[in-house]
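First the structure, in the form of structure tokens, and then the observations on it.
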Amino acid sequence: MVATVPTGIDGLDSILNGGLVKDATVLVSGNPGTGKSLFGIQYLYDGVIDHDEHGIYISFEENEEDIRQAAESIGFDRWGELVDDGSIKVYDKQHMLREGDFSSALETLMEDFANTAYDRLVLDSLTMFSLFFDNEKEKRTYLLKFSDILKQNGLTSLLINEQGAVFPQTEIGLENFLTDGNIYFIQTPTDSGVNRYVWVAKMRKQDIDTDIFPMEIDEGGIKVYERAGGFSMMGRDSPDSGF
């Protein structure tokens, strides 16, 4: 039996047969506005509230106040309290970009890992992470090194990746092959707005359902649903049943 870490999203955990593989590094990809960062927030929040697992959120794109407001906007009202008491550590863009190069940023993280035990990590995002490096080879080297460090420290991690393509199969980068799992967040336009979907394309050591499932973002976070009879990739109907 493979040890798993629940994501805090019931439908997604059902698809994953319990959650993410423990100590895995999972790539979370999608175009802007699909819910990737909210997924990371929910993953850490659930870890503390329901499993007493401490988390660390690394953001190259937002400051700490922006992240808190995003958490509170979907009902995670205790986010600020959990950051204040150390249950969730936030390294925001002001801190990470001040380091100037990834080696310095990595040294800061290593010092933190040596002094504090974390269970879950979110890095948001690999797009900004890539700006530290001059070429793809250097990026790949540091990504492999970073992934190894996360595993060695017992962290089950989400690496968020901005993707320009609407459908993931049209844009596959090297990082997809360097991680233990790939989860895609997809949205398609409709007459009344957008429909949202999640696709778990890969999860090493896990027998997963690789179908595409509808999801919603609402008060209380992300919800993933069983495929409903009237719900299609381009339809306007709402999902009518959940896991």
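The values are calculated or read from the model by the stated rules, or taken from the named source; none is laboratory data. None of these values were measured; they are calculated from a predicted model. Glycine gets a Cβ as well: all are built from the backbone with ideal geometry, and neighbour counts include every protein chain shown. Note: accessible area is taken over every heavy atom of the protein model, side chains too, but ligands, DNA and RNA are not part of it. Shrake-Rupley method; radii C 1.70, N 1.55, O 1.52, S 1.80 Å.
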Test: residue in region 151-158 that is closer than 17 Å to N182 by Cα, surrounded by 19 or more Cβ atoms within 10 Å (Cβ to Cβ) and of a type in the set (S, T, Y): yes
Sole residue being under 23 Å from L20 (Cβ atoms), open to solvent by 50 Å² or more (accessible area, probe 1.4 Å) and of a type in the set (V, I, T), chosen from I58, I49: I49
In region 18-40, residue most open to solvent (accessible area, probe 1.4 Å) [restricted to those that are in contact with a helix residue (DSSP H, G or I) (Cβ under 7 Å, 6 or more places away or on another chain) and assigned to a loop (DSSP other than H, G, I, E, B)]: D23
Any chance S104 is more than 26 Å from D207 (Cα to Cα) and without any contact (Cβ under 8 Å) to a residue 12 or more places away in the chain: yes
Total residues in region 124-150, condition open to solvent by 50 Å² or more (accessible area, probe 1.4 Å), of a type in the set (S, T, N, Q) and touching a residue at least 24 places away in the same chain (Cβ under 8 Å): 1
Residues of region 1-11 classified as over 12 Å from G181 (Cβ atoms) and either open to solvent by less than 10 Å² (accessible area, probe 1.4 Å) or out of contact with any strand residue (DSSP E or B) (no Cβ under 9 Å at 6 or more places or on another chain) (or both), total: 3
Any hit, region 113-123, residues being open to solvent by less than 60 Å² (accessible area, probe 1.4 Å), farther than 19 Å from E61 by Cα and at pLDDT below 95: yes
Residue count for region 78-112, restricted to those that are open to solvent by 20 Å² or more (accessible area, probe 1.4 Å), part of a helix (DSSP H, G or I) and more than 15 Å from F146 (Cα to Cα): 8
Residue that is nearest to D23 (Cα to Cα), among those in region 202-236 that are among the aliphatic types (A, V, I, L, M) and at pLDDT below 90: I208
